[in-house]
Each structure stands twice: as C-alpha cells, then as structure tokens.
Amino acid sequence: MYDPSAWWGLDWLRDFTLGEGDDHLKMVENDEITPDGEFPVNPSGGVMASNPIGATALVRVAEASMQIRGVAGDHQLSRPINLALASGFGGTLWTVLMLLSKEKPSRS
C-alpha cells in the first residue's frame, strides 16, 4: 500500500478492505496487518521506509510481484502468496491499483 503518512495508511486500509466503522483499526490492534497476520500490509516497510518520488508506484508493484514469486528476501512473507494488491498515489489525488495473481486468469 502506498501510505505516505500513518493516518492515510489507516484510511486506505478501511477502503481497500471495504471495511465499515472502525474495522480497520481493529485489524491494526489485533496485529492482522503484520507480516505474520491475516492481512499483511507492506512487509518491506512501505513508502514510509523509502519513498523515491516518481518510482514509488512501481516499487509497490515490484514488491507485490516479488511476494507472489517468493523472492522478496528478508521481507518475504512466511506463507505462499497467490494474490497481491499494489497501490500508487500522487499529484492531483489520483490513485492507481494493480491486482497481481500467481495464477493466470481463465477466460469464461
């Protein structure tokens, strides 16, 4: 998740999970967003750990891809990852979301 500030990360956590009320805060309190949690968020530290302007959204996609491929090194999650959501944000309040999947989608 592109989370340029702590409060924005919390706000987007609610939006990304389609939560209601303070569900997103309970996820944080219950450690659900930690690397070993039910819904890990930013195992690499996210943009609050490193925010290269201009490349930030691509870095989020790269991180999601590495998690799915199982090659994220020290910040690789301990269980197999089949889906990952990457987000970017910038300029005039635009947001980009990319859903990555380990499996090729089937055509129906």
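A few notes on this one:
- Any chance SER87 is open to solvent by less than 80 Å² (accessible area, probe 1.4 Å), of a type in the set (S, T, N, Q) and in contact with a helix residue (DSSP H, G or I) (Cβ under 9 Å, 6 or more places away or on another chain): yes
- Condition met for THR17 (out of contact with any helix residue (DSSP H, G or I) (no Cβ under 9 Å at 6 or more places or on another chain), among the β-branched types (Val, Ile, Thr) and surrounded by 14 or more Cβ atoms within 10 Å (Cβ to Cβ)): no
- Taking first residues from the range 58-77 that are at positive phi and partners that are at pLDDT 95 or above and in a helix (DSSP H, G or I), the Cβ contacts under 9 Å between residues at least 6 apart in sequence or on separate chains come to GLY73/MET66.
- Positions within the range 92-108 being open to solvent by 80 Å² or more (accessible area, probe 1.4 Å) and either in contact (Cβ under 8 Å) with a residue 24 or more places away in the chain or within 22 Å of ASP11 (Cα to Cα) (or both), in sequence order: THR92, LEU93, TRP94, LEU97, MET98, LEU99, LYS102
- Here HIS24 meets the list (1) touching a helix residue (DSSP H, G or I) at 6+ places or on another chain (Cβ under 6 Å); (2) open to solvent by less than 40 Å² (accessible area, probe 1.4 Å); (3) within 16 Å of ALA86 (Cβ to Cβ) almost entirely, failing just condition (3).
- Across the range 35-47, the number of residues qualifying as over 14 Å from TRP12 (Cα atoms) and loosely packed, with under 14 Cβ neighbours inside 10 Å comes to 3.
- Unmet criterion (only one of (1) within 13 Å of the chain's Cα centre (by Cα); (2) open to solvent by 30 Å² or more (accessible area, probe 1.4 Å)) for ALA64: (2)
- Selection status of ILE53, surrounded by fewer than 16 Cβ atoms within 10 Å (Cβ to Cβ) and closer than 14 Å to ASP3 by Cα: yes
The values are calculated or read from the model by the stated rules, or taken from the named source; none is laboratory data. Just so you know, these numbers come straight off a predicted model, no measurement behind them. Here Cβ is always computed from backbone atoms with ideal geometry, including for glycine, and neighbour counts include all displayed protein chains. Surface accessibility is based on the protein's heavy atoms, side chains included, excluding ligands, DNA and RNA. Shrake-Rupley method; radii C 1.70, N 1.55, O 1.52, S 1.80 Å.
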